[in-house]
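Mind having a look at this structure? Questions to follow.
The values are calculated or read from the model by the stated rules, or taken from the named source; none is laboratory data. Here the structure is a predicted model, which means the values were calculated and not measured. Note that we place each Cβ from the backbone using ideal geometry, even for glycine, and neighbour counts take in every protein chain shown.
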Amino acid sequence: MTTTAQQHAQRNRGTIFVEDGEVLSCEAWPGEQFVMRVRAPKCAAAAQPGSFAHITCDPSLPMRRPLSIMRAGDNWIELLFKVVGEGLELLGDRQPGDIVSVLGPIGQPFRFSAERPNALLIGGGVGIPPMVFIADHLRTSEEFRPLAILGSEIPFPFELQASRLKASWLDDKINAAMPLLEDWGVPSRLTSQAGFEGCFEGYVTDLAAKWLDSLAPEQLAQTEIYACGPTPMLKAVAAQAEKYGVPCQVSLEEFMACAVGGCAGCAVKIETAEGLAMKRVCVDGPVFDASTVVWD
C-alpha cells in the first residue's frame, strides 16, 4: 500500500531540478541586502509565485540556503536576500560568471481565485520577493487587481519612487512606491518606522487597515490577502484577515536543512480536517491558509 510519505514524494517527483546556475548579476543594496540574478532555465521554467530555491553559497559550505524567488524569466531566476550569517555573506560575494548550485523550484505556490480579484499583497523585509512574483504573475490579467504594501525597517532594496498611480484611500504625501511595480502598473505603497520619505509611518497592518476600511462590503467579498515576512508580522496579518472576514494565504519562513521534505526540520503545526498535524514548510508549504496555522 502506498504510504502518505510515498505519495508526497511522487507528487514532487520531476518538479524539482538541480542545475549549475551561472551568476548573471549581484547588486548590493544598503543594509547588507543583495539582488542576485542566476541563469537556471529549468528552475525558471517551473517556478510559480511562492516557489523558492535552495542555493549553495560557496564551495566551502556544504549546506544550502533557502531563498524565495522574486522573479523568473526565460532562463533566469532573481533572488533577494539579506546577509544573516556566513553563508549569505559569502553568497553576496559571488561575481558574474560564478557558478552556484540551484535546487528548485520547491514548495506549494500561492493559489488564486477569480472570485477574489482584489489581491492585497503584503511583504515585509525579505518577505517582499514572493509579493513581487505575485504582482508579475497577475499584472497582465484583466481579472485581478493587485495592490502591494511593502514594509522595511532598513533601507528598501530599491530606489524609492513617487508613485504616479493614485491612491484615493491615502494621503497624497504617502506616495513612495517600488519602481518595478510602477513600471508594471501595479500600485504599491511603502511603510516603515525608520522615517523614509514618502513612506507610511507604521506597520504594514496599519497601512493595510486604511485600504481595507475604504472598501465597501461587496468589495471586501472580492478581496484576498497574500503575505510573506517575519512570523510576528504574519500572525498580525492573519488576525487582520480574520477581523475583516477575508481569506489570507501566508508564506512561512523557517530554518531548513534538506528543503525537500526528508529531514522534517521545518515542520509547523497546522489545523487540518483530520485535526492538528505537523506540516513541512518546504514541501507542504511554504504557502498555507493563514487560518489553519497554529501561531504559537
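So if I check each of A5, A28, A44, A40, which one is modelled with pLDDT of 95 or more, under 23 Å from F288 (Cα atoms) and among the small types (G, A, S)? Talk me through it step by step, then tell me what you get.
Values: A5 fails: modelled with pLDDT of 95 or more; A28 fails: under 23 Å from F288 (Cα atoms); A40 fails: under 23 Å from F288 (Cα atoms).
A44 is the lone residue from the list that is modelled with pLDDT of 95 or more, under 23 Å from F288 (Cα atoms) and among the small types (G, A, S).
Let's see how each residue does on (1) farther than 14 Å from P41 by Cα; (2) aliphatic (A, V, I, L, M); (3) out of contact with any Cys (no Cβ under 9 Å at 6 or more places or on another chain); (4) touching a residue at least 12 places away in the same chain (Cβ under 8 Å):
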{"site": "V84", "(1), (2), (3), (4)": "yes, yes, yes, no"}
{"site": "R94", "(1), (2), (3), (4)": "yes, no, no, yes"}
{"site": "S101", "(1), (2), (3), (4)": "no, no, yes, yes"}
{"site": "G104", "(1), (2), (3), (4)": "no, no, no, yes"}
{"site": "G107", "(1), (2), (3), (4)": "yes, no, no, yes"}
{"site": "F110", "(1), (2), (3), (4)": "yes, no, yes, yes"}
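Which residues, counting only those in segment 234-256, are aliphatic (A, V, I, L, M) and not in a strand (DSSP E or B)?
Going residue by residue through segment 234-256, those that are aliphatic (A, V, I, L, M) are 234, 236-239, 241, 246, 250, 252, 256.
Scanning segment 234-256 gives L234, A236, V237, A238, A239, A241, V246, L252, M256.
Any idea which of G185, G125 is surrounded by fewer than 24 Cβ atoms within 10 Å (Cβ to Cβ) and either polar (S, T, N, Q) or closer than 20 Å to L67 by Cα (or both)? Write out each step before concluding.
Details: G185 fails: either polar (S, T, N, Q) or closer than 20 Å to L67 by Cα (or both).
Going through G185, G125 in turn, just one is surrounded by fewer than 24 Cβ atoms within 10 Å (Cβ to Cβ) and either polar (S, T, N, Q) or closer than 20 Å to L67 by Cα (or both): G125.
Can you report the number of residues in segment 224-276 which are within 15 Å of the chain's Cα centre (by Cα) and of a type in the set (S, T, Y)? Steps first, please.
Our first condition is that a residue be within 15 Å of the chain's Cα centre (by Cα); within segment 224-276, this holds for 225-231, 233-234, 237, 248-254.
Checking which are of a type in the set (S, T, Y) leaves us with 226, 231, 251.
Residues that pass the stated criteria total 3.
Of everything in segment 74-96 that's loosely packed, with under 15 Cβ neighbours inside 10 Å and within 29 Å of W184 (Cα to Cα), which residue is modelled with the lowest pLDDT? Please lay out each step first, then the result.
To start, the set of residues in segment 74-96 that are loosely packed, with under 15 Cβ neighbours inside 10 Å comprises 74, 84-86, 89, 93, 95-96.
Restricting the remaining residues to those that are within 29 Å of W184 (Cα to Cα) gives 74, 95-96.
Working: D74: 93, Q95: 96, P96: 98.
The residue in question is D74.
Shifting gears a bit: Identify, by number, the condition in (1) farther than 20 Å from G245 by Cβ; (2) free of Cβ contacts under 8 Å to residues at least 40 places away in the same chain; (3) out of contact with any helix residue (DSSP H, G or I) (no Cβ under 9 Å at 6 or more places or on another chain) that I174 doesn't meet.
(3)
In this structure, does A259 turn out to be assigned to a strand (DSSP E or B), over 30 Å from E159 (Cβ atoms) and modelled with pLDDT under 95? Steps first, answer last, please.
Details: assigned to a strand (DSSP E or B): no; over 30 Å from E159 (Cβ atoms): yes; modelled with pLDDT under 95: yes.
No; evaluated as a whole, the condition is false for this residue.
From the set of residues in segment 97-119 that are in a loop (DSSP other than H, G, I, E, B) and of a type outside the set (G, A, S), which is farthest from A72 (Cα to Cα)? Walk me through it before giving the result.
Of all residues in segment 97-119, those in a loop (DSSP other than H, G, I, E, B) come to 97-98, 107, 109-117.
This time we only want the ones that are of a type outside the set (G, A, S), so: 98, 109-112, 115-117.
Numbers: D98: 19, P109: 14, F110: 15, R111: 17, F112: 18, E115: 26, R116: 24, P117: 23 Å.
That would be E115.
Please enumerate the residues belonging to segment 151-169 that are buried (at least 17 other Cβ atoms within 10 Å of the Cβ) and of a type outside the set (A, V, I, L, M, F, W, C). Spell out how you get there, then give the answer.
Initial filter on segment 151-169 (buried (at least 17 other Cβ atoms within 10 Å of the Cβ)): 151-152, 156-158, 160-161, 163, 167.
If the condition is that a residue be buried (at least 17 other Cβ atoms within 10 Å of the Cβ) and of a type outside the set (A, V, I, L, M, F, W, C), then G151, S152, P157, Q161, S163 are the ones that fit.
Would you say A148 is at pLDDT 95 or above and surrounded by fewer than 18 Cβ atoms within 10 Å (Cβ to Cβ)?
Values: at pLDDT 95 or above: yes; surrounded by fewer than 18 Cβ atoms within 10 Å (Cβ to Cβ): no.
No; evaluated as a whole, the condition is false for this residue.
Show me the strands (runs of 3 or more DSSP E) found entirely inside segment 11-60 where at least 2 residues are surrounded by fewer than 17 Cβ atoms within 10 Å (Cβ to Cβ) and in the same structural domain as I99 (by TED's automatic domain parsing). Give the derivation first.
On the way: elements: 17-29, 33-39, 52-56.
In segment 11-60, the matching strands (runs of 3 or more DSSP E) lie at 17-29.
Hey, another quick one. Considering (1) touching a Pro at 6+ places or on another chain (Cβ under 9 Å); (2) crowded, with 22+ Cβ neighbours inside 10 Å, say which one V102 fails and leave the rest.
(1)
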